[in-house]
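See structure below.
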Amino acid sequence: MDNFTVGVVVFPGSNCDRDVSWALEGCLDIRTKYLWHESSDLSDVDAIVLPGGFSYGDYLRCGAIARFSPLINALDEFVKSGKRVLGICNGFQILTESGFLPGALTANKNLNFICDDVELDIVSSKGGWFNNVDEKQTIKLPIAHGEGRYHCDSDTLKKLVDKELIALRYKNNPNGSSFDIAGITNEKGNVLGLMPHPERACDETIGGTDGLFTLKSLILK
Amino acid sequence: MDQFAVKVFVRLRPSVLDPAGEATKSASIKLGAEGIKSLRIGKMIEVKIEGNGENEVREKIDLLCDRLFANTVIEDYEYSLEKL
């Protein structure tokens, strides 16, 4: 993959950073580099993953404190330049808190921390994150979250639908998300946030490979 | 410089489901409390802050509430302010 390098952001409390790095390096032969959240130099990475976990202990609200890190401040220019950013689980929460994606993620309707495999409908492959679904419109990915209920107002939902920004919807909504939303993109398509964990579905020995394509899409221009 | 004690109340917007409030309401009823029509859980944040007068402090608190203490997509806030 030439020298294409994916930056994997590490916050205090991130816990899926190594899984993401393992999936990218070990399964896809894509180079990765850990980026400590206090770094604001993104010059030597070509795409960024905000991994899952509990940044800053989920204090105040999930993703609320991480939003003020130097790295997230630097992310604005990175996104504007068209480079790709993938936020998984806590990464999705950070992307909504910081305004890169609309809406918010709140406590699951049943208050349970849900750790399960879920079936997902591909609604849009804007940005090319899910272009692998020509023959397969449903994928299966693991979820693991207590606060994954996507919420937005009706105007925002209409915009998401009209502009085809909804990437994934749960087949059997596990957490009470508005409109069964599991993942959305920005209008340009270069930012994707989703609650399911593609990095945990990259090898048959751990239950499936439906996450591979989305991670591989990080190298798309 | 004046010092103020500020109490910020952050609440989920009425349109946002509050599962923790619902669970607590259910437990309240099991405890035997009667007549509870609604129960919703919010946060209270206490801040001691210095500034040149109430207006300056209000500006600071407004910024903190809008950008950090509350996520205005899902939450409303209000605060009371007392000069110390």
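The values are calculated or read from the model by the stated rules, or taken from the named source; none is laboratory data. Please read all numbers here as calculations on a predicted model, not as lab measurements. Cβ atoms come from the backbone with ideal geometry, glycine included; neighbour counts cover every protein chain shown.
Can you list the strands (runs of 3 or more DSSP E) found entirely within the range A:111-221 that contain at least 2 residues being more than 16 Å from the chain's Cα centre (by Cα) and on the phi < 0 side of the Ramachandran plot? If you could, list the steps in order and put the result at the bottom.
Details: elements: A:114-122, A:138-145, A:149-151, A:166-170, A:181-185, A:191-194.
Correct list: A:114-122.
If the condition is being out of contact with any strand residue (DSSP E or B) (no Cβ under 6 Å at 6 or more places or on another chain) and either modelled with pLDDT under 95 or within 9 Å of chain B (Cβ to nearest Cβ) (or both), then the range A:74-102 contributes A:Glu97, A:Pro102.
Evaluate the following for A:Gly127: is it under 23 Å from A:Leu75 (Cβ atoms), of a type outside the set (Ser, Thr, Tyr), away from chain B (no Cβ under 14 Å) and touching a strand residue (DSSP E or B) at 6+ places or on another chain (Cβ under 7 Å)? Taking the combined requirement at face value, the residue satisfies it. How about the range B:1-44: which of its residues are within 14 Å of another protein chain (Cβ to nearest Cβ) and under 14 Å from B:Glu82 (Cα atoms)? Of everything in the range B:1-44, just one residue is within 14 Å of another protein chain (Cβ to nearest Cβ) and under 14 Å from B:Glu82 (Cα atoms), namely B:Val8.
Number of residues in the range B:48-84 that are of a type in the set (A, V, I, L, M) and within 13 Å of chain A (Cβ to nearest Cβ) equals 6.
For B:Glu59, the requirement of being under 26 Å from A:Gly63 (Cα atoms), acidic (Asp, Glu), free of Cβ contacts under 8 Å to residues at least 60 places away in the same chain and exposed (fewer than 12 other Cβ atoms within 10 Å of the Cβ) is met. For the range B:1-32, taking the residues that are more than 23 Å from A:Asn110 (Cβ to Cβ) and small (Gly, Ala, Ser), the one that is nearest to the chain's Cα centre (by Cα) is identified as B:Ala5.
Across the range A:62-101, the number of residues qualifying as buried (at least 19 other Cβ atoms within 10 Å of the Cβ), assigned to a loop (DSSP other than H, G, I, E, B) and in contact (Cβ under 8 Å) with a residue 60 or more places away in the chain comes to 5.
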